[in-house]
1. Take the conditions of a type in the set (D, E, K, R), out of contact with any Phe, Trp or Tyr (no Cβ under 9 Å at 6 or more places or on another chain) and exposed (fewer than 10 other Cβ atoms within 10 Å of the Cβ) and apply them to ASP88. Does it pass?
2. If ILE67 satisfies all but one of (1) more than 25 Å from THR2 (Cα to Cα); (2) touching a Gly at 6+ places or on another chain (Cβ under 8 Å); (3) in contact (Cβ under 8 Å) with a residue 12 or more places away in the chain, what's the number of the condition it fails?
3. Specify which of the listed residues (ILE75, ILE46, ILE25) is in contact with a Pro (Cβ under 8 Å, 6 or more places away or on another chain) and either farther than 28 Å from ASN115 by Cβ or hydroxyl-bearing (Ser, Thr, Tyr) (or both).
4. What's the total number of residues in segment 78-117 that are in a helix (DSSP H, G or I) and more than 14 Å from LEU55 (Cα to Cα)?
5. Would you point out the residue of segment 103-117, among those that are surrounded by 11 or more Cβ atoms within 10 Å (Cβ to Cβ) and of a type outside the set (Phe, Trp, Tyr), that is modelled with the lowest pLDDT?
6. State which residue is nearest to ILE35 (Cα to Cα) when the search covers only segment 91-101 and only residues that are free of Cβ contacts under 8 Å to residues at least 12 places away in the same chain and surrounded by 10 or more Cβ atoms within 10 Å (Cβ to Cβ).
Amino acid sequence: MTEIVLSSNDLTDRARNNKLLPAEIQNGTFTVTNIGTFGSIAGTPIINQPQVAILAIGAIVKKPAVISTEYGDSIGIKQQMILSLAYDHRIVDGALGGMFLQKVSYYIENFDVSNSF
């Protein structure tokens, strides 16, 4: 995750400053789009052909949620974010797409910033 964050930040900075090389924006297979920048919590991303898939990341919002502990369940406030994955079913099977999204969710939920930078 750390490498992805650092690489993404570098590409974003260079894109904003018009410093990307042509090779860096060609032949992509997967796009990550941040639809949460302006507060959108969910959306339906559309694949940039000829790419295989696109992942839309919504805004992080606080929501009531069940919190399970050794003492039982309770209702508390948790930060939540919606991930929307669209993929070409000719290339990616639905089960594989679901497993990929589950793994991405796991890594995001368990990412420890204090051990990463």
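1. Values: of a type in the set (D, E, K, R): yes; out of contact with any Phe, Trp or Tyr (no Cβ under 9 Å at 6 or more places or on another chain): yes; exposed (fewer than 10 other Cβ atoms within 10 Å of the Cβ): no.
Answer is no for this residue.
2. (3)
3. Values: ILE46 fails: in contact with a Pro (Cβ under 8 Å, 6 or more places away or on another chain); ILE25 fails: in contact with a Pro (Cβ under 8 Å, 6 or more places away or on another chain).
Among ILE75, ILE46, ILE25, only ILE75 is in contact with a Pro (Cβ under 8 Å, 6 or more places away or on another chain) and either farther than 28 Å from ASN115 by Cβ or hydroxyl-bearing (Ser, Thr, Tyr) (or both).
4. Going residue by residue through segment 78-117, those that are in a helix (DSSP H, G or I) are 94-109, 113-115.
Still in the list and also more than 14 Å from LEU55 (Cα to Cα): 94-96, 106-107, 109, 113-115.
Number satisfying all stated conditions: 9.
5. Across segment 103-117, the extreme among qualifying residues is SER116.
6. In the first step, residues of segment 91-101 are kept if they are free of Cβ contacts under 8 Å to residues at least 12 places away in the same chain; the result is 93-96, 98-99.
From what is left, the residues that are surrounded by 10 or more Cβ atoms within 10 Å (Cβ to Cβ) are 93, 96, 98-99.
Values: ASP93: 25, LEU96: 24, GLY98: 20, MET99: 22 Å.
The qualifying residue nearest to ILE35 (Cα to Cα) is GLY98.
The values are calculated or read from the model by the stated rules, or taken from the named source; none is laboratory data. Not measured: the values here are computed from a predicted model. Glycine also receives a Cβ, built like all others from the backbone with ideal geometry; neighbour counts cover every protein chain displayed.
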